[in-house]
Structure formats: C-alpha cells, structure tokens
Amino acid sequence: MPIAQRTLRAAAASPRTRVAKSLNEARARSLRTAFLCHSSKDNVLAKGLVSMLQEADWDVYVDYEDAALPEKPDRTTADRIQDKIKSTDFFLFLATENSVVSRWCPWEIGFADGAKPRTSIWIVSTEENGHVYGNEYLDLYRRVDPSVDGDLLVVEPRQTQGRRLRVE
C-alpha cells in the first residue's frame with residue numbers, strides 16, 4: 001500500500017528533531033541509517049518521510065541538508081552521493097511522478113543496486129489523486145508501507161504484510 005503524498009506533506013509540517021549530527025554519532029547510538037533518494041522537486045515530501053523515519057529512530061541522509069555538495073552537480077556531487085549510499089545501512093527510493101523521470105534518481109538506484117545488498121534497498125511508493133508511483137520496482141525490492149495505526153512497515157516483494165521499522 002503506497003503512502004499518500006498528503007500524509008507526507010502533513011508530516012513535513014510537524015516539528016523535526018535531528019536524531020544524530022553525523023553518521024558516526026548515529027552508529028554510536030545504534031540508529032539505523034539511510035540514504036534518501038528523491039527528486040529535488042519533492043523536497044517537502046522528502047522532509048515528511050524523514051520526519052516519519054526520525055520518529056522510528058532512524059537517521060536519514062538527504063542531499064539538500066549537505067553543505068558539502070556544490071551548488072551545481074558535478075563529479076564531486078556524484079562521488080559524495082556514492083560515498084553516502086555505500087556508508088548508510090539502507091537506500092530508500094521515494095517514488096513520485098518526479099523521481100521516476102528524474103535524471104539523478106534512476107542513476108542513484110542503479111548505483112545502489114550494484115553497491116548494496118538488495119535487502120537494504122527499499123522503495124517508498126506514493127499515491128496522489130489515484131496515481132501510484134513506484135510500482136515498477138516493487139517486485140525487485142522491499143517496500144515501505146504505512147500501517148493502519150500510522151507507523152511504517154517494511155514489506156517483502158510480493159507480500160502484503162510487513163514488520164515495523166521502529167527498533168524496539
């Protein structure tokens with residue numbers, strides 16, 4: 001079941017707390033870490049997903065918060081993104097109308113597919129106005145779905161039930 005984009009927008013409006021200041025701090029605190037692949041046109045949706053993941057005690061890298069990235073994407077951008085994809089525990093692909101046609105997002109998921117175990121690549125499919133985005137990936141990778149009580153679940157390909165993301 002995809003996450004409604006309105007749910008992500010609502011979560012983006014709620015106050016966020018930074019879970020960790022760095023990847024090393026996140027690891028020291030035994031937090032799960034993730035690279036969030038998304039279209040820059042969907043920064044509000046990405047912020048909402050980050051907020052939801054932080055509530056589940058995850059630390060998420062998003063490029064718009066990385067002051068080390070140059071203004072205009074170049075080789076430095078690609079190298080930094082590759083390093084972050086490799087160094088985080090999970091790769092999350094926020095599937096939207098924008099990300100599935102982006103120039104960068106398919107490159108990032110392709111790189112992740114070659115650099116990470118397939119079990120650590122997860123698709124966050126979304127829905128808006130009856131359109132579902134991300135279906136083309138759902139038989140390849142695990143997905144993140146909302147539960148009936150608002151938590152996030154990870155679901156195996158071709159399955160309908162999953163387990164909670166929150167580390168208890």
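The values are calculated or read from the model by the stated rules, or taken from the named source; none is laboratory data. Quantities reported herein were computed from a predicted structural model and do not represent experimental measurements. Cβ placement follows ideal geometry from the backbone for every residue including glycine, while neighbour counts extend to all protein chains displayed.
Key figures
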| quantity | calculated |
| --- | --- |
| Residue identified as of a type in the set (V, I, T) and touching a Phe, Trp or Tyr at 6+ places or on another chain (Cβ under 7 Å) among V154, V148, V132 | V154 |
| All positions within the stretch 92-144 that are of a type in the set (A, V, I, L, M) and within 15 Å of the chain's Cα centre (by Cα) | L92, L94, A95, V100, I109, A112, I121, I123, V124, L138, V144 |
| Some residue of the stretch 68-86 being in contact with a Lys or Arg (Cβ under 7 Å, 6 or more places away or on another chain) and at positive phi | no |
| Enumeration of residues in the stretch 117-168 that are touching a residue at least 60 places away in the same chain (Cβ under 8 Å), among the aliphatic types (A, V, I, L, M), in a strand (DSSP E or B) and surrounded by 14 or more Cβ atoms within 10 Å (Cβ to Cβ) | V124, V144, L152 |
| Out of S120, S147, S87, S99, sole residue that is in contact with a Pro (Cβ under 9 Å, 6 or more places away or on another chain) and among the polar types (S, T, N, Q) | S99 |
| Selection count, the stretch 24-54, where residues are in a helix (DSSP H, G or I) and modelled with pLDDT under 85 | 5 |
